[in-house]
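Computed from the coordinates by the stated procedures, all read-outs in this text should not be read as laboratory data. Owing to the predicted nature of the structure, the values given are computational and were not obtained by experimental measurement. Virtual Cβ from ideal backbone geometry, glycine too; neighbours counted across all protein chains shown.
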Amino acid sequence: MNIAKRKILGAASELFLEGGIAALSVRSIAKQAGVSTIGIYSHFKGKEGILDELYIQGFELFMQAIKFDQEKLTAKEILLKAIHGYFSMAQAHEGHYRLIFGENDSRYTPSDEAKATAERAFGKLVKITALLLPKDASLALKQKNALEIWAFVHGYVSLKHHAIASIFPETDWYVLAEDAFAMHIDAILAKYAGAAN
């Protein structure tokens, strides 16, 4: 990716973080990035193209965050490491995170390519979270388990970003979430302890 495209995406991510989709216009992105509006259209075909690229990048960052060498790790260790990666991604790329997981609205509809990237990311999560289930678990059960875990973890990230977080100024949300998640993993493992893996 060339420097101009990186500048445009960086500017758009910053603006999104400051004011959501309402803060994004071709003119505001161009001003923030120090490029012409024509440059925006030539690189991305406008605001929708920028949002799609940020959306795709966000899910690619998510997939990178949960990808690591799993050899010699237990299922619980793999899940905890993946969740740690998820939290690191959410913190380091908050604008991307908010676009893909929380602050999307009717002014933006992801393209088919962006939706396909999101589906691939969910597939990776299903594969990792399925390690807690019996090997013969149905796809529906694997997807349900992944969705529950995703909602659980996303809830902590959302609370950290929410105004209510100021009520608990000393709280390390990620440590709190990892502790609670470890108990949740133990509960899932206990539920299926008798099943062959």
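In Å, what Kirkwood hydrodynamic radius results for the range 118-168 from the alpha-carbon pair distances?
By the Kirkwood definition, the hydrodynamic radius is 12.2 Å.
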proj_area_mean for the range 46-143 (convex hull on C-alpha atoms), units nm², value 7.0
Answer in debye to the nearest 20: the dipole magnitude of the chain about its Cα centre, from +1 Lys/Arg and -1 Asp/Glu charges placed on Cβ, is 480
Partner lysines whose C-alpha sits under 22 Å from that of Lys160, ignoring same-chain residues fewer than 8 away, are Lys81
Counting only residues 5 or more apart in sequence or on a different chain, those whose built amide H sits under 5 Å from that of Ser25 are none
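Return the inverse of the average 1/r over all pairs of distinct C-alpha atoms in the chain, which is the Kirkwood hydrodynamic radius, in Å to one decimal.
For the chain, the Kirkwood estimate is 18.3 Å.
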The answer for GluC sites (Glu not before Pro) in the range 1-89 that fall in a DSSP coil and have at most 16 neighbouring Cβ atoms within 10 Å is Glu71
So, over other residues within a Cβ distance under 12 Å of Ile40, counting Lys, Arg +1 and Asp, Glu -1, the net charge is +4
Ignoring trypsin sites (Lys or Arg not before Pro) buried by more than 13 other Cβ within 10 Å or outside DSSP loops, the longest site-free run in the chain is 136-197
In deg cm²/dmol, rounded to the nearest 500, the helical mean residue ellipticity at 222 nm of the chain, built from -39500 (n - 2.57) for every DSSP H run of length 4 or more, is -23000 deg cm²/dmol
For the range 1-45, the percent of all C-alpha pairs falling in each 10 Å bin, from 0 up to the bin holding the max distance, is 33, 58, 9
The answer for the net charge of residues other than Ile149 whose Cβ lies under 14 angstrom from its Cβ, with Lys and Arg +1 and Asp and Glu -1, is +4
Listed by chain and number, the lysines with an alpha carbon less than 16 angstrom from that of Lys144, same-chain partners under 8 positions apart left out, are Lys124, Lys127, Lys135, Lys191
